[in-house]
Every structure is written in structure tokens, then in C-alpha cells.
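One structure below.
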Amino acid sequence: MYNIRIEKTATPKKKPGADDPLKFGTIFTDHMFVCDYIEGQGWVDPRIVPYQPLSLDPSCMVFHYGQEMFEGLKAYKSEDGRTLLFRPDKNWERAKNSNIRLCMPEIPKDMFLQALNDLVKLDADWIPTKPGTSLYIRPFMFATDPFLGVRPSNTYKFLIILSPVGAYYESGLDPVKIWIEDEYVRAVRGGIGEAKTGGNYVASLAAQVKAHEEGYAQVLWLDGVERKYIEEVGAMNIFFKINGTVVTPQLNGSILPGITRRSAIELCREWGIPVEERKISVDEIVEAARTGAMEECFGTGTAAVVSPVGELRYENEKMAITGGKIGPVTQRIYDTITGIQLGKVEGPEGWSVEVK
Ligand code: PLP
Ligand code: COI
């Protein structure tokens, strides 16, 4: 067991009411986890302290060269009052891979999991219980050396903050409209696309702004070399059901290995629904939409959960999917994953972890 010191707030904040809108990522709880890394000493002083601003040197390396990574997962309250996390070990594993790619020190697994547990336990009263709500957990780590040269930092901070949230999309659980981007690209193989790091998201902003202006919720990226193969959405992995088979782009180094993606694939396999991870060209998608072979389309992600896609737009073509409604496989995956997250459905071993 990792020993984490706790300093409780003397001035707890007012929590949102049961019916208050929980606009994604705007409200933060009373406490946060902080730990410092110093080359030669390792991780020092893991602590939970009142949620507060940070004081950082303006020359701090993260501000200049973006050496940082983050994670995202959620905590839920079950009907019988337990606090549950969904596959938190997978977030640690992905954090480790991001750390390696970004030349950052690894976060010890026992510290990562204990910090999640202790922080969520302390702020458990902040977990909203209305359907569709949860406590979003944001672990993140960044370079803190006060230095303007380009090299990996020797010092870092690792923090975890918590935010009670409702639906990620303004449309809630209604199908979202997605813009297939053919001008900008997000990532290339050999780059940092499969790491969860801010650089990938800033690269996505120009296309997202364009898509929003056209009335689309998010961008669906094509590969960065040929702009021909489907990659992923701004904050979700993407799935299609074509002629009875569920297909999703294979992990190729430039897309994020989503934990919800992996869970959806594992569930389909367990149910005997054919599922393929492979290269999917945008032409195949357009053709499937035109001929009616495209039966369903949905995105998966922690923030977005399982989001039906009601319309895809590519160049000047608007493709309506499932008549703008949620399809049966999408619904089944949504019900099962949210059921496991809320402790209503028994999931595979290790998918639901109780905070104690
Ligand atoms: N792809 C991107 C770019 C994301 O930001 C996310 C969100 O985390 C995902 C995919 C889905 O990953 P996960 O299911 O682990 O949340
Ligand atoms: C998540 O689902 O955790 C994400 O990373 C989406 C985020 C960019 C809001």
C-alpha cells in the first residue's frame, strides 16, 4: 500500500445540486493529488491537498515544448452506494506507454492506483448519480524544469483532478454529426498519435473549429499520409457495422488505443458478433453508406461513452446512418458498458474496481 498524505480543505465548496447542469469539465471537486518527480530521487511527497492553483516558473519546459501527458477515466456510484472505477489498470498501462514515447519517467502502478482510490474516496460525495452523469478523473503529468533548451526535463509534476460531468456532447445521447476531415491531419505513424498528450489535441483544433462552423460535433480523421484510411474521432475511436460485421481501424501507431474501444471489441467477441480491426478506407465507408450496407456507426470514449453517429459528411456528401437513430448493436454495447460501470451488470474480471 502506498502512503499518501492527506491535507483536507478547511473550506469545502458548494456541490452542484442534483438537477444542476454539469457542463463537461467546468466544475472541480475539493481536493487534488500531487506528486513531484526529481531525477536521482524519483517520485517524492505524494499528497492529496485542497484543489488550488499551481505556481510555476514561466520558463517551465511544458509551456514551451509541450512535454506532458494525460489520462481520462470515470468514477460511478452504484445503486447500493459503492464507488466504482472502470478498468483503471488500463489507464495506468496507457499512461506508461505515453510516458515512454514522450521520454518521461514512468508513474509507479501502485502509486497511480492508490492515488486514484484515495482521492476519489475523499471526494466521493461529489459523484453525481443522475443517469448519464459521473465523476470524470483527469490524471496528468508535465515537465517542470525551468529551462529553454530542448531535451527531456529532469523534474515533473503528476496531478489528478476530479470533475462531476454530464454528457460530453451538447446533444446528450442523441446521435452526433461527424465531419470527415480531408485537409488537416492529426497524427502520422512514428509521431505521437498513440500517446495521450496535448500536442495531438492542439493539432486537432483548426479542423474542429471548421467542423463546428459547419454544424458538426467532431472531426473524423483520415490517415496523415494518404488521407485515405479512417483513423479516429477527436475524442473517440470509431466503429462501423457493415453487412453484419463490426469494423474499427486497427491500432497503427497514429490512433489512440482507447479503453472503451478495447472493451467494445471484447464484448462483441464474447457475444459472437463478428468484429474486425483492420484498415478501412473512406471510399469503403462512402460506398457502404450509399448502398445501405452501413448498418450502424458509433464512437467510443471515456468522456463520450458510446455515442451513436447519425450523420457523416465527406466532401460534399452527407450520409445519414441508421435513419439518425441509435442502432441495436450500439445500444447493446452502450447498455452493457454503462451497466458494468454502474455495477448493475456483471462484467469480465477486473473491469469494475471498487474504491475502498
Ligand atoms: N481517441 C481520442 C483522440 C481520445 O481523446 C479518446 C478519449 O480518451 C479516445 C480515442 C477514447 O479512449 P478511451 O476509450 O480510453 O477513453
Ligand atoms: C476522454 O474521453 O477521456 C478524453 O480524452 C476526451 C477529452 C479530450 C475530453
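The values are calculated or read from the model by the stated rules, or taken from the named source; none is laboratory data. Nothing here was measured: the structure is a model prediction, and the numbers come from that model. Counting neighbours? That spans all protein chains shown, and the Cβs are built from the backbone with ideal geometry, glycine included.
Could you name every one of the strands (runs of 3 or more DSSP E) located completely within region 264-356 that has at least 2 residues being in contact (Cβ under 8 Å) with a residue 60 or more places away in the chain?
So the answer is 294-301, 305-314, 352-354.
Working only within region 231-254, note down all residues that are touching a Gly at 6+ places or on another chain (Cβ under 6 Å), at pLDDT 95 or above and either within 13 Å of ligand 2 (Cβ to nearest atom) or part of a loop (DSSP other than H, G, I, E, B) (or both).
233, 236, 237, 254
Tell me which residues, restricted to region 1-41, are exposed (fewer than 11 other Cβ atoms within 10 Å of the Cβ) and of a type in the set (Gly, Ala, Ser).
Residues satisfying the conditions are 10, 17, 18, 40.
Might you let me know whether region 46-66 holds any residue that is touching a Gly at 6+ places or on another chain (Cβ under 7 Å) and at pLDDT 95 or above?
There is at least one residue in region 46-66 that is touching a Gly at 6+ places or on another chain (Cβ under 7 Å) and at pLDDT 95 or above.
Please go through region 165-178 and pick out each residue that is within 15 Å of ligand 1 (Cβ to nearest atom) and in contact with a helix residue (DSSP H, G or I) (Cβ under 9 Å, 6 or more places away or on another chain).
Within region 165-178, just 178 meets the criteria.
Looking at region 42-55, which of its residues are of a type in the set (A, V, I, L, M) and loosely packed, with under 12 Cβ neighbours inside 10 Å?
44, 54
Which of the residues that make up region 115-139 are under 17 Å from the mean Cα position of the chain (by Cα) and either modelled with pLDDT under 95 or not in a helix (DSSP H, G or I) (or both)?
132, 133, 134, 135, 136, 137, 138, 139
Over 15 Å from the mean Cα position of the chain (by Cα) and more than 16 Å from ligand 2 (Cβ to nearest atom): which single residue out of 112, 63 fits that description?
63
Filter region 40-58 down to the residues that are in contact with a Cys (Cβ under 9 Å, 6 or more places away or on another chain) and among the aliphatic types (A, V, I, L, M) and list them by number.
Result: 44, single match.
Residue 227 versus (1) outside any loop (DSSP other than H, G, I, E, B); (2) more than 14 Å from ligand 1 (Cβ to nearest atom): which is the lone unmet condition?
(1)
Find the residue count for region 180-229, including only residues that are surrounded by fewer than 21 Cβ atoms within 10 Å (Cβ to Cβ), without any contact (Cβ under 8 Å) to a residue 40 or more places away in the chain and among the small types (Gly, Ala, Ser).
Looking only at that region, the number is 4.
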